[in-house]
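This report refers to the structure that appears directly beneath it.
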Amino acid sequence: MIGKIRVFLEMIKFEHTLFALPFAYVGAILGAVTVEKRLPEWSECGWILLAMVGARTAAMGLNRVIDKAIDARNPRTAMRAIPAGLLKSKDVLIFIVISFIALFWAASQLNSLAVKLLPVAVFMTVIYSYTKRFTWACHIILGLTLGLAPLGGWVAVTGGVTWTSIILYVTVALWTAGFDIIYACQDVDFDRKEGLHSIPVRFGIAGALDIAKTFHALTAAGFALLLVLTDLSWWYFVGMIVAAGLMLYEHRLVKPNDLSKLNAAFFTMNGILSAVIFFFTFIDLVVVRSW
């Protein structure tokens with residue numbers, strides 16, 4: 001069982017929880033300070049962590065089960081655990097059920113709105129893996145799914161939704177959709193052959209990269225709008241500028257005729273970006289104000 005857990009965590013790239021978890025805490029801190037005029041409690045932070053790990057693990061596990069036949073035909077993904085025979089689908093389904101139980105338990109310990117929104121979160125995590133079969137907007141659906149992380153953090157500590165939380169949600173959704181478009185460029189030939197849909201397939205790699213740039217420009221604008229609408233100050237402003245620079249550098253790494261640095265653009269830059277926004281938000285709203 002320990003071996004299966006290790007393979008499962010590798011299969012779902014558990015370490016990439018870093019993409020969403022910092023934004024969940026950004027939503028929690030920003031919501032608590034903006035609406036509740038307080039900081040999140042340690043217990044709330046713990047339940048948010050459990051909810052995020054459960055949601056992300058369930059979503060990636062479902063993706064691997066739903067896409068197992070496609071993954072087996074794609075040379076880039078043929079060695080993933082299920083098509084390679086390292087795990088059976090029923091084993092993965094057990095981990096998925098456990099992950100959903102963790103998510104439900106965490107939500108039940110937070111507030112009634114968190115529980116009421118659970119069906120939305122579950123629906124989004126399930127439907128995303130099917131969208132590339134019928135729409136090139138699959139990247140936007142993924143963005144709207146991962147964007148639930150900061151919105152969920154906000155709801156967890158405030159028990160409500162505001163326009164500021166919606167702006168944070170849309171901003172993170174645009175960031176996610178942008179980097180997923182970049183990532184999808186490496187599979188454009190396979191996707192065309194399989195009849196799968198994506199923005200690179202629909203608009204070509206050059207067009208897709210332009211769309212990703214637009215999404216990330218809007219992301220930068222969303223981060224700036226949050227500065228205007230909340231109690232965030234110049235510490236966050238510094239982080240916002242760094243994040244904009246990271247997105248700019250990400251697009252300099254990837255060119256229509258050269259995708260050799262795509263993994264650096266996708267994994268490294270985006271992992272750093274989410275950590276940067278969290279770090280400077282934390283410094284701004286927690287550390288500086290506690291002095």
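Quick one: would you say Lys213 is farther than 29 Å from Val35 by Cβ and free of Cβ contacts under 8 Å to residues at least 12 places away in the same chain? No. Residue-level analysis places Lys4 outside the set of residues that are open to solvent by 60 Å² or more (accessible area, probe 1.4 Å) and either polar (S, T, N, Q) or under 29 Å from Trp163 (Cα atoms) (or both).
Residues of region 33-54 that are open to solvent by 60 Å² or more (accessible area, probe 1.4 Å), among the hydrophobic types (A, V, I, L, M, F, W, C) and more than 24 Å from Ser99 (Cβ to Cβ): Val35, Leu39.
Residue-by-condition table, conditions (1) crowded, with 16+ Cβ neighbours inside 10 Å; (2) on the phi > 0 side of the Ramachandran plot; (3) polar (S, T, N, Q):
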position: Pro75; (1), (2), (3): no, no, no
position: Met79; (1), (2), (3): no, no, no
position: Ile82; (1), (2), (3): yes, no, no
position: Ile96; (1), (2), (3): yes, no, no
position: Phe100; (1), (2), (3): yes, no, no
position: Ser112; (1), (2), (3): no, no, yes
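With respect to the stated conditions, Phe14 fails to be at pLDDT 90 or above, among the aromatic types (Phe, Trp, Tyr) and over 30 Å from Leu229 (Cα atoms). State all residues of region 89-120 that are part of a loop (DSSP other than H, G, I, E, B) and out of contact with any helix residue (DSSP H, G or I) (no Cβ under 9 Å at 6 or more places or on another chain); if no residue qualifies, say none. Hits for region 89-120: nothing passes. Of the numbered criteria (1) at pLDDT below 95; (2) among the aromatic types (Phe, Trp, Tyr); (3) under 18 Å from Phe134 (Cβ atoms), the one Phe203 fails is (1). Yes or no: region 153-175 includes at least one residue that is part of a loop (DSSP other than H, G, I, E, B), open to solvent by 10 Å² or more (accessible area, probe 1.4 Å), farther than 19 Å from Gly222 by Cβ and in contact (Cβ under 8 Å) with a residue 24 or more places away in the chain. Within region 153-175, one or more residues are part of a loop (DSSP other than H, G, I, E, B), open to solvent by 10 Å² or more (accessible area, probe 1.4 Å), farther than 19 Å from Gly222 by Cβ and in contact (Cβ under 8 Å) with a residue 24 or more places away in the chain. Considering Arg133, Arg76, the condition of being touching a helix residue (DSSP H, G or I) at 6+ places or on another chain (Cβ under 7 Å), of a type in the set (Lys, Arg) and part of a loop (DSSP other than H, G, I, E, B) is satisfied by Arg76 alone. For Asp91, the stated conditions hold: it is open to solvent by less than 60 Å² (accessible area, probe 1.4 Å) and more than 19 Å from the chain's Cα centre (by Cα).
The residue of region 109-131 that is nearest to Tyr25 (Cα to Cα), among those that are touching a Leu at 6+ places or on another chain (Cβ under 9 Å) and at pLDDT 95 or above, is Gln109. No other residue among Thr57, Thr17 is buried (at least 17 other Cβ atoms within 10 Å of the Cβ), assigned to a helix (DSSP H, G or I) and in contact with a Lys or Arg (Cβ under 9 Å, 6 or more places away or on another chain) apart from Thr17. Apart from one condition, Leu144 fits all of (1) within 30 Å of Lys261 (Cβ to Cβ); (2) in contact (Cβ under 8 Å) with a residue 40 or more places away in the chain; (3) open to solvent by 10 Å² or more (accessible area, probe 1.4 Å); the exception is (2).
Of the helices (runs of 4 or more DSSP H) contained entirely in region 181-291, those carrying at least 2 residues that are under 21 Å from Trp136 (Cβ atoms) and open to solvent by less than 10 Å² (accessible area, probe 1.4 Å) fall at 199-229. State all residues of region 194-226 that are closer than 18 Å to Val254 by Cβ and of a type in the set (Gly, Ala, Ser); if no residue qualifies, say none. Once the filter is applied, which keeps residues that are closer than 18 Å to Val254 by Cβ and of a type in the set (Gly, Ala, Ser), region 194-226 yields Ser198, Gly204, Ala206, Gly207, Ala208, Ala212, Ala217, Ala220.
The values are calculated or read from the model by the stated rules, or taken from the named source; none is laboratory data. Keep in mind the model is a prediction, meaning the values are calculated, not measured. No Cβ is skipped: glycine too gets one built from the backbone with ideal geometry, and neighbour counts run over all protein chains shown. With ligands, DNA and RNA removed, areas are computed over all heavy atoms of the protein, side chains included. Shrake-Rupley method; radii C 1.70, N 1.55, O 1.52, S 1.80 Å.
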